[in-house]
Structure formats: C-alpha cells, structure tokens
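These notes are about the structure you will find just below.
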Amino acid sequence: MTQQYGITLLPGDGIGPEILAVTVEVLNVIGKQFDLSFKFQEGLIGGAAIDETGEPLPKETLDLCRNSDAVLLAAIGGYKWDNLPRQQRPETGLLGLRAGLNLFANLRPATILPQLIDASSLKKEVVEGVDIMVVRELTGGVYFGQPKGIFTTETGEKRGVNTMAYTESEIDRIAHVAFEASRKRKSKLCSVDKANVLDVSQLWRDRVIAVSEKYPDIELSHMYVDNAAMQLVRNPKQFDTIITGNLFGDILSDAAAMLTGSIGMLPSASLGSSGPGVFEPVHGSAPDIAGQDKANPLAQVLSAAMMLRYGLNEAAAADKIEQGVLAVLDQGYRTGDIMSLNMKQVGCQEMGQVLLKVLEG
Ligand code: IPM
Ligand code: MG
C-alpha cells in the first residue's frame, strides 16, 4: 500500500524557492519508485512572511508544520529585512519555528566527497576522508536564555544582555542524541565547551560525563571551543561526532561545512523527541544570486534525503537520493560554487534535470 506523508514546504527567501522547486521534483520521482505519496502544503516564513503578514512566523505556518509529518525548509533572510526590529526579523521566525516544534537536536554532517576534494580551500591530504557529524543543541543556550535585551543603566548608558544558560535536563537530552548518533558512526564523541571560563560549560561537561556512563562503548573526549576551531582546520580527521551548545555549534558547523569546499552541499536535520522534524540546508538564502538560476540545489535535495532517513524512516529512498547526487557529481556536473577545471557548469534547474535523469534512469 502507498505510504502517505504530509510535508510542509517552507520556501522562505532568496534562493529558497528555486532550490525547493528542484527538491519537490526529486521527491515526486522518488515517491513513485518507493510507493510513497507526498502531500505538499506550502507555508510562509521569514522575509516572505513579513511582507505578507507583518510577522516572520505566522501562526498558520506553525500550525501547518505541527500537523504535518515533516517540514522541508529552504532558507530565510535578506538585506531588505536586516534593519527591522528584532521581533520582525526573518531569523526570529526560524528560531520561533525551532522553539515552537521543540527541535532541540540539530544534526549537521560534514562529509568530504572525493568528487569535490579540489573545491576545499584546505590541502587535499588534510581533508581527504573527513566525515564529521556536528550535533548542535538548538533550543537553549545564549540564543534563548533570559534575561535578554538592550537595557538602559542607571547612568543612562545602554547595555546589551544575553544569557547563556542550560539546565541539566536540556544537556542530558542532547547528550543522549549525540551518544546514540556516534554509536551509529565510529563511536567517538568529542564534547566542545568553554569550561575553563564559563560556569554553564562546567555544568555541560559534568552532565555529558554523567550521561556517558550509560554509553561505555563510546570514546568520549572534551575540547575547549577555541581549540576546537583550530583543530577543525588543522587536523579535521581527528573528529567523528561532535556535541556542543547552540552558539558554539552555529559557529563550528559553518567551519566544518567549509572543509568540504562548499556550504552549498550540506544538509541538516532538526529533531525533537517526538513530532515533525525540520530539514534544511546549512547554507543561507544567498540574496546576491537569488532568482538568477545559479544556486546549488544539492544541499536542499540532501536535506530531503535526511528527511526520509531521520524524519520518515524511509532509508532506502534516502539512499537512492544520496547515490543520485554522487552520480551527477561523477558525471562532472557542477554549479558555480563547486566548479573546478574541466567540469560542466550548470545552473540550479539544469542540476535538477540531470539529477532527475539519473534517478529515473
Ligand atoms: C543557522 C543559522 C541560524 C542560526 C540563523 C539564521 C538564525 O545561522 O541555522 O546556523 O544562527 O541558528
Ligand atoms: Mg549558522
């Protein structure tokens, strides 16, 4: 019997609509092959939502997401909305979506594909074989801690405040996700913190150690975040799975992504303990190339594969998409961001077409 899934599509801003359109075509083809039927519904988020409704995450969008099996998000943001008050910025919509669906665990794989090794800005021998999974805590830490805001002091001076805070239960639940994820990989977990300075990091470290007692088969290490930033570019092969808080994870996952040559290739999954997950590329909305058919749709396509694997438990369909992406790279097709000598440069739509041909072939 055909398995039915309700998917909320959130195209957002910039290149979002273009890369999501390619991905929907891919899902439709894959659906036919694996007897899956996707019912797509589209919602507004980010700048597109601000323009239409005045807010970056309308209630209808959150309701739509809550009532679906998974959410496929493209990207949000753009120069146009950068100077609005914080409550009306696209980024606030994205944070609201993560908090609203309680998506505390963000999985960001950074895998070097042999086909793209020349696209990395680092030496081949440094990046060859790199395969890292960053597990980022997504609904706590300094992004959400209270108090926050810009206040006026007694002397009339302004003071900006954010609070980095984690409770034991918040740390424990993300630690479990990371230990489980590392078990499916090389069973090596590195927890990144700043416990030499921050109390919140000391508690983080204590709890990760406490949770590790349930995972005696996993080799746990700890690293300060400044050192981790250095080690990621010095010797990235030492890492397998990384667990870290919201802010450190935001920064380190961009660095890890760039080891692979282009952030335009990397997907992510944001998961809670139940309910729909959100699957989105790690890259942003790239307003500078929006609407020009130049964007790389593959991170979005690979996010759909993560949706199938982690959100819908359809691993075979996910495998097929991932193999298809490798095949088009093997055939030499490249968008501008991953272009190198003697390869065939294509735009967003053509990349979609060649991928469809491979999947249907
Ligand atoms: C990311 C982005 C977001 C974040 C922004 C757009 C709010 O950088 O998903 O990494 O900081 O989490
Ligand atoms: Mg980021």
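Below, the figures for the structure above:
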quantity	calculated
Condition check for Leu252: open to solvent by less than 10 Å² (accessible area, probe 1.4 Å), within 16 Å of ligand 1 (Cβ to nearest atom), closer than 22 Å to Gly141 by Cα and at pLDDT 95 or above	yes
Close pairs from the range 241-256: first closer than 19 Å to Glu280 by Cβ, partner within 8 Å of ligand 1 (Cβ to nearest atom) and β-branched (Val, Ile, Thr), Cβ under 7 Å, at least 6 apart	Ser253/Val282
Some residue of the range 321-331 being crowded, with 23+ Cβ neighbours inside 10 Å and within 16 Å of ligand 2 (Cβ to nearest atom)	no
Strands (runs of 3 or more DSSP E) within the range 86-171 that include 2 or more residues surrounded by 20 or more Cβ atoms within 10 Å (Cβ to Cβ) and either at pLDDT 95 or above or of a type in the set (A, V, I, L, M, F, W, C) (or both)	105-111, 131-137
Tyr224 among the hydroxyl-bearing types (Ser, Thr, Tyr), away from ligand 2 (no atom under 14 Å from the Cβ), more than 26 Å from Ala70 (Cα to Cα) and touching a helix residue (DSSP H, G or I) at 6+ places or on another chain (Cβ under 6 Å)	no
Cβ-Cβ under 8 Å pairs, at least 6 apart or on other chains, the range 158-179 side outside the structural domain of Gln146 (by TED's automatic domain parsing) and over 19 Å from Leu247 (Cβ atoms), far side among the hydroxyl-bearing types (Ser, Thr, Tyr) and outside any helix (DSSP H, G or I)	none
Among residues of the range 50-85, those that are part of a helix (DSSP H, G or I) and over 20 Å from the mean Cα position of the chain (by Cα), counted	11
Which listed residue is in contact with a strand residue (DSSP E or B) (Cβ under 8 Å, 6 or more places away or on another chain) and part of a helix (DSSP H, G or I), from Ile209, Ile243	Ile209
Neighbours by Cβ (under 7 Å, 6+ apart or cross-chain): first from the range 87-103, under 22 Å from Arg173 (Cα atoms); second near ligand 1 (Cβ under 8 Å from one of its atoms) and open to solvent by less than 30 Å² (accessible area, probe 1.4 Å)	Leu94/Ile76; Arg98/Leu138; Leu103/Leu138
Residues of the range 100-130 classified as within 16 Å of ligand 2 (Cβ to nearest atom) and among the aliphatic types (A, V, I, L, M), total	4
Condition check for Ala49: open to solvent by 40 Å² or more (accessible area, probe 1.4 Å) and among the small types (Gly, Ala, Ser)	no
Test result for Glu280, in the same structural domain as Arg66 (by TED's automatic domain parsing), surrounded by 23 or more Cβ atoms within 10 Å (Cβ to Cβ), of a type in the set (D, E, K, R) and touching a Leu at 6+ places or on another chain (Cβ under 6 Å)	yes
Residue under evaluation Gln33, criteria (1) farther than 28 Å from Gln87 by Cβ; (2) open to solvent by 40 Å² or more (accessible area, probe 1.4 Å); (3) in contact with a helix residue (DSSP H, G or I) (Cβ under 8 Å, 6 or more places away or on another chain); (4) in a strand (DSSP E or B), criterion not met	(4)
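Each row is one residue, and each column tells you yes or no for (1) within 16 Å of ligand 1 (Cβ to nearest atom); (2) assigned by TED's automatic domain parsing to the domain that holds His176; (3) of a type in the set (Lys, Arg); (4) surrounded by fewer than 17 Cβ atoms within 10 Å (Cβ to Cβ).
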site: Ser187; (1), (2), (3), (4): no, yes, no, yes
site: Asn196; (1), (2), (3), (4): no, yes, no, yes
site: Val200; (1), (2), (3), (4): no, yes, no, no
site: Met223; (1), (2), (3), (4): no, yes, no, no
site: Ala228; (1), (2), (3), (4): no, yes, no, no
site: Gly245; (1), (2), (3), (4): yes, yes, no, no
site: Leu271; (1), (2), (3), (4): yes, no, no, no
site: Pro276; (1), (2), (3), (4): no, no, no, no
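The values are calculated or read from the model by the stated rules, or taken from the named source; none is laboratory data. Keep in mind that what you see is a predicted model, and the values were worked out from it rather than measured. No Cβ is skipped: glycine too gets one built from the backbone with ideal geometry, and neighbour counts run over all protein chains shown. Note: accessible area is taken over every heavy atom of the protein model, side chains too, but ligands, DNA and RNA are not part of it. Shrake-Rupley method; radii C 1.70, N 1.55, O 1.52, S 1.80 Å.
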